[in-house]
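The values are calculated or read from the model by the stated rules, or taken from the named source; none is laboratory data. Bear in mind that the values here come from a model prediction, so they are computed numbers and not experimental data. Glycine also receives a Cβ, built like all others from the backbone with ideal geometry; neighbour counts cover every protein chain displayed. In case anyone asks, the SASA skips ligands and DNA or RNA and just uses the protein heavy atoms, side chains included. Shrake-Rupley method; radii C 1.70, N 1.55, O 1.52, S 1.80 Å.
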Amino acid sequence: KELEAYPYIKSVVYITKEEVRQQLLKDLGDDPEELFGFDPSRSYFDIFNKADYVNPDSLKIVEKSLQGQNLVRNIVYDETDIATANTNLSMVGTILFIVAVILIVISFTLIRSIIQLNIYSKRFTINTMQLVGATNSFIRRPFVSCMLACGIIAAIFANLGITGLIYYIANIFPVSVEIVSKEHLFIVYGLVLIFGILITLLATISAVNRYLKMTTNKLYHV
């Protein structure tokens, strides 16, 4: 309880000396005391730090803080492995960010093309509305409203797909449930909805503006 009170510790598991001995018996296939001439089994605390503190600099501060505790005799962790893991995670994060940007550009282009095909058949109606004095915002409004609704529906389906994928992964790897918190999941849902609306909105405005700027003669050559 004393260790779990620290802000950087997520959870603590106490491993008894007997549990360590049984694990050594299983790994070595023989009594460790007979092999080494002494009993190497020691009880210990298996400490899980919060993600924000899992880096070499923060762990040094954590180590110094824990060493002041009477119940702590020795702290063991592999600094090299942690540094390597952080480097790999940063690399994966950068790659995922680049992939996300590429997918957003592709999505925007595809949505804009689909919307253009939808508006193409109504280009003469748009031109007629311009001739009778309709403003650009008035002409855009029905297209934007319709596509905005499509963007929201698409985002809902996307979030349902994400939920289904998470449940599927959780059934195969139950430990993944601890990695993805509900707070992070709701943030993802919100971002999917926001991007679904923004991408559709921008793509619709861009596609409609193309026909708003065309003269009557150009409408026949699109």
Just one of Leu131, Leu117 is open to solvent by 70 Å² or more (accessible area, probe 1.4 Å) and in contact with a Ser or Thr (Cβ under 9 Å, 6 or more places away or on another chain); which is it?
Leu131
Taking the range 157-185 and keeping residues modelled with pLDDT of 90 or more and open to solvent by 90 Å² or more (accessible area, probe 1.4 Å) leaves Phe157, Leu160
The lone exception for Asp30 - which of (1) without any contact (Cβ under 8 Å) to a residue 40 or more places away in the chain; (2) touching a Phe, Trp or Tyr at 6+ places or on another chain (Cβ under 8 Å); (3) part of a loop (DSSP other than H, G, I, E, B) it fails
(2)
Test: Gln22 is closer than 30 Å to Leu89 by Cβ and over 30 Å from the mean Cα position of the chain (by Cα)
no
Suppose we filter the range 191-209 for residues that are out of contact with any Ser or Thr (no Cβ under 7 Å at 6 or more places or on another chain) and open to solvent by less than 30 Å² (accessible area, probe 1.4 Å); how many remain?
6
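Yes/no per residue for (1) farther than 30 Å from Val192 by Cβ; (2) in a helix (DSSP H, G or I); (3) open to solvent by 80 Å² or more (accessible area, probe 1.4 Å):
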residue: Val72; (1), (2), (3): yes, no, no
residue: Thr80; (1), (2), (3): yes, yes, yes
residue: Val101; (1), (2), (3): no, yes, no
residue: Ile104; (1), (2), (3): no, yes, no
residue: Ser107; (1), (2), (3): no, yes, no
residue: Arg112; (1), (2), (3): no, yes, no
Considering only the range 27-41, state which residues are more than 39 Å from the chain's Cα centre (by Cα) and open to solvent by 100 Å² or more (accessible area, probe 1.4 Å).
Glu34, Phe36, Phe38
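Conditions (1) surrounded by 12 or more Cβ atoms within 10 Å (Cβ to Cβ); (2) part of a helix (DSSP H, G or I); (3) of a type in the set (Asp, Glu); (4) in contact with a His (Cβ under 7 Å, 6 or more places away or on another chain), marked per residue:
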residue: Arg21; (1), (2), (3), (4): yes, yes, no, no
residue: Phe45; (1), (2), (3), (4): yes, no, no, no
residue: Asp52; (1), (2), (3), (4): no, yes, yes, no
residue: Leu59; (1), (2), (3), (4): yes, yes, no, no
residue: Lys64; (1), (2), (3), (4): no, yes, no, no
Which residue out of Ser107, Ser43, Ser58 is in contact with a helix residue (DSSP H, G or I) (Cβ under 8 Å, 6 or more places away or on another chain) and under 30 Å from Ala203 (Cβ atoms)?
Ser107
